[in-house]
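First comes the structure, then the notes that go with it.
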Amino acid sequence: MVLAVVVSSGYVFVHLQTGWVPWDEGQLAQSAERVLNGEVPHRDFDEMYTGGLTYLNAAAFKMFGVCCESTRWMLWLFFMPFCCSIFWLAARACPAWAAALVTFAASAISLPVYTAALPSWYNLFFLTFGIVASIKFIESEKKYWLFVAGLCAGVSVLFKVTGLFWLAAAMLFVVYFEQTKPSSQQSRSIGFDLFVVGCLALFAMVGLKFCGIIDSGIGDGLNFAHLCLPMIAVSLFLSAGQIRSTRGSFAFRFLRLLNLQIPVLAGALIPVAAWIGFYLSLGALDSLYEGVFILPLARLASASHAFPGWMHLLAAVPFVVLIVAGFVDRGFLKNRNSWLTFVGVAMVAAAWIAAYWDVFYWQMLFHAFRNCLPMIVVAALGYLYVARSQLDRQRRLELFLLTAAAVTGGLIQFPFSIDIYYFYIAPVVLLVIVYLVQTQVQWSKAVQVAWLAGFAILAVFKMSTVYPANNTIGITNPNGTKKLRLTRCSMVVPDFDAVVYEELVEKIHQLSGPQDAIFAGPDCPEVYFLSGRRNPTRIIYDFFRPEIVSQPERFIEQLRQSDVRLIVFRREVAFSDLNRELESEAKRFFAKRYDIYRRDPCDPNRQQLAFTILYNED
């Protein structure tokens, strides 16, 4: 384990300060700095998430210094126990050498894809810790492990409310655990069966509602296939299992299930209740509610992205066939095992070699893994249902636990379903595949090992570039990289970004003092942090507060009253469009103008307007 963790965490550390999305770094860093200055998330400024991450990042600033790199160093400290957890889980299903390979592959498809210290990574870490606690419960049946699993969910919620996804998986696991637990009673309760099936139907309906299927109709097929189909499959599997489960009266079965769910819920409730109590003591509970449940609705409207098309989804079919090939009839494989293994390994090796040299083949193989989750879930649940008598109870519980975690964890992709978001759950999908493959006894696993090794190697070369969006399409940045020469950030970024932000920060420093307030928008919180200038508003992203800038005259007057003498306008749209009326009003009061241009990444001879600075000289 030690060697696997050292190599994996060392590989991630090498890439830790490489690549960025400027506004992500800005909102993380600016929020943490405002906490250091005595402000409270949600109450004093718009917080993107629950708020726990902001306090952790503030602690990182105290430990490592006020710079963007500090948040990533803190993320790396949490990554190391995550590596240990992955190895421990993989080692339960395969030899140590294979577990080390799985650990490295899981590491290569996690942080190096996008190393920003976003809360979704912490959701993944605590989900994995929760899985470990749940498997310890399977081994010992001591309920304090269920409490720990729930505690992981509660702490995860403090980073981002999507930590509830692990809580849902843990509760589904408890249902399956209760179903498979032997009972000496002879009576059967139809009422309890209907109760459980009703709860599972409600779970599926909530999933449909969450993913917008009920509102937009079943026609939103990609959302249905990627997100809702796995949830429906889990609900149907547990419903079928409930009908075939052990016997017992309603009271007996209900109390047994309740006694298992209570530790999970209690563990999740403690950190959440403490967080609510903190805001209650500040008289800011309404601000917390607005920030966690109301403002995200604006994010859904302004920051959403569809899944890849149907052809990308179909690209996963051959890969899934490869994974489940070992389940075919033994007679077919008789006297063919060695030949099929040789052909399979040769085909996989040829595919990876082609993918290394050609972007088209890389994208085909990439999307085979990126879009396999719904099919892998159906395959795992189908195998658990058909072959339940061939697996011991512990292995069935482990496989279902990982599958349920992948199902609910996969919801992290909604509503911003760009490829990067898949990798917030990809290591768990990888573990499901490993456990599924290891249950097969029909043929050699050399083909699957070849696939895993090839994916890990290619991930090193193709998925750790300086530009996060390129990590999922297999294209390196043709424009080169550069280390930022800023006091508050020295990460390696695309060279065209480095040139723009170095010029922007230098100009802001020339035109304003260290204690001055400026205004920057739309959606450029990084400008405040990188320049070290104060944000006089509560705005982090403009789409959260459209009402603030909807009255330009009043807003500009408020800025002048705050002694703002410099305004920065982003010309490239991130999420919110530039308010032209606001720009016109600003020009009335800020007489000077300075434009900053960016070299077009696709055409070095073409310049794009990146930022405009409006200011008044003393």
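The values are calculated or read from the model by the stated rules, or taken from the named source; none is laboratory data. Predicted model only: the values in this text are computed from it and were never measured. Backbone-built Cβ (ideal geometry, glycine too); neighbour counts: all protein chains shown. In case anyone asks, the SASA skips ligands and DNA or RNA and just uses the protein heavy atoms, side chains included. Shrake-Rupley method; radii C 1.70, N 1.55, O 1.52, S 1.80 Å.
Before moving on, here are some points about what is shown:
- Neighbour cut-off at most 12 other Cβ (10 Å), DSSP loop, GluC sites (Glu not before Pro), segment 105-213: GLU141
- Table column - 3J(HN,Hα) (Hz), segment 574-584, Karplus curve with 6.51, -1.76, 1.60, x for Gly and Pro: 8, 10, 9, 6, 5, 6, 5, 5, 5, 4, 4
- Per-peptide average of other Cβ atoms within 10 Å, ordering 583-595, 90-102, 67-79 highest first: 67-79, 90-102, 583-595
- Computing FRET efficiency as 1/(1 + (r/R0)^6) for LEU258 and ARG593, where r is the C-beta to C-beta distance and R0 is 51 Å, gives about 0.15.
- Subset of LYS160/LYS483; LYS62/LYS482; LYS62/LYS483; LYS136/LYS160; LYS136/LYS181; LYS507/LYS587 violating a 22 Å alpha-carbon distance limit: LYS160/LYS483; LYS62/LYS482; LYS62/LYS483; LYS136/LYS160
- Segment VAL492-GLU290, extension gain: residue separation times 0.36 nm, minus the distance between their alpha carbons: 69.1 nm
- Residues in segment 143-152 carry Karplus couplings, in order, of 6, 5, 5, 5, 4, 5, 4, x, 4, 4 Hz; the curve used is 6.51 cos²θ - 1.76 cosθ + 1.60 with θ = phi - 60°, and Gly or Pro positions show x.
- Share of carbon and sulfur in the accessible heavy-atom surface of segment 81-127 [1.4 Å probe, %]: 79
- Applying both filters, DSSP loop and at most 16 other Cβ atoms within 10 Å, to the trypsin sites (Lys or Arg not before Pro) of segment 192-294 gives ARG244, ARG247.
- Protein accessible area in segment 149-288, 1.4 Å probe - carbon and sulfur %: 77
- For LYS142, a cut-off of 20 angstrom between C-alpha atoms picks up these aspartates and glutamates, skipping any fewer than 8 places away in its own chain: GLU178, ASP392, GLU398.
- Under a 5 Å amide H cut-off, with hydrogens placed 1.01 Å from N, ARG598 pairs with GLN608, LEU609, ALA610 among residues at least 5 apart or on other chains.
- Available extension along the chain between ALA274 and SER184 is 28.3 nm, counting 0.36 nm per residue and deducting the alpha carbon span.
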